Amino acid sequence: MEVIIRENGDLTIPHTIFANTNFKPGQKVIITIESGKIIISPDKGEILERFKQLSKNNYITHIDSDEIHEQMILEKFKTI
C-alpha cells in the first residue's frame, strides 16, 4: 500500500493497516529502525499495564520480570 510522507515528516497509517493491529488510538508506541525498516511496537509499559489488567481479572496469576524470565530460559537450556 502506498502512502505519502508530508513535508513535516508526518505519515498516516491507513485504516486498513491499523485495523489489523492491536493498537488503540492514544496508545504509546516505540518506533525503531532495523535493517532500514521502520518498526512500530507497543510501549513496554503499555504491555505490562495490559498484563496487570488481565491479572486483575484472574486471567493471569503471575508476572515475571524480563530478567527472571531470561534466567528461567537460560536454566532450561543448561539441562539440554
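Structure data summary
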{"read-out": "Cα gyration tensor, segment 4-44 - rounded (a/c under 1.5), prolate or oblate", "value": "oblate"}
{"read-out": "Pairwise FRET efficiency - Met1 versus Lys24, Cβ, R0 = 25 Å, nearest 0.05", "value": "0.75"}
{"read-out": "List Glu49, Glu70, ordered by accessible area with a 1.4 Å probe, largest first", "value": "Glu70, Glu49"}
{"read-out": "Per-pair calculated FRET efficiency, R0 = 25 Å: Asp10 and Lys44 via Cβ, rounded to 0.05", "value": "0.50"}
{"read-out": "Electrostatic dipole magnitude of segment 1-40 [Cβ: Lys, Arg +1; Asp, Glu -1; Cα centre; debye, to 20]", "value": "200 debye"}
{"read-out": "Accessible area, probe 1.4 Å, largest first, for residues Thr32, Thr12", "value": "Thr12, Thr32"}
{"read-out": "Inter-probe distance in nm under a simple model that places probes 7 Å from Cα toward Cβ, at Lys37 and Ile73", "value": "1.9 nm"}
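The values are calculated or read from the model by the stated rules, or taken from the named source; none is laboratory data. All values reported here derive from a predicted model rather than from experimental measurement. Here Cβ is always computed from backbone atoms with ideal geometry, including for glycine, and neighbour counts include all displayed protein chains. Keep in mind that these areas ignore ligands, DNA and RNA; they rest on the heavy atoms of the full protein, side chains included. Shrake-Rupley method; radii C 1.70, N 1.55, O 1.52, S 1.80 Å.
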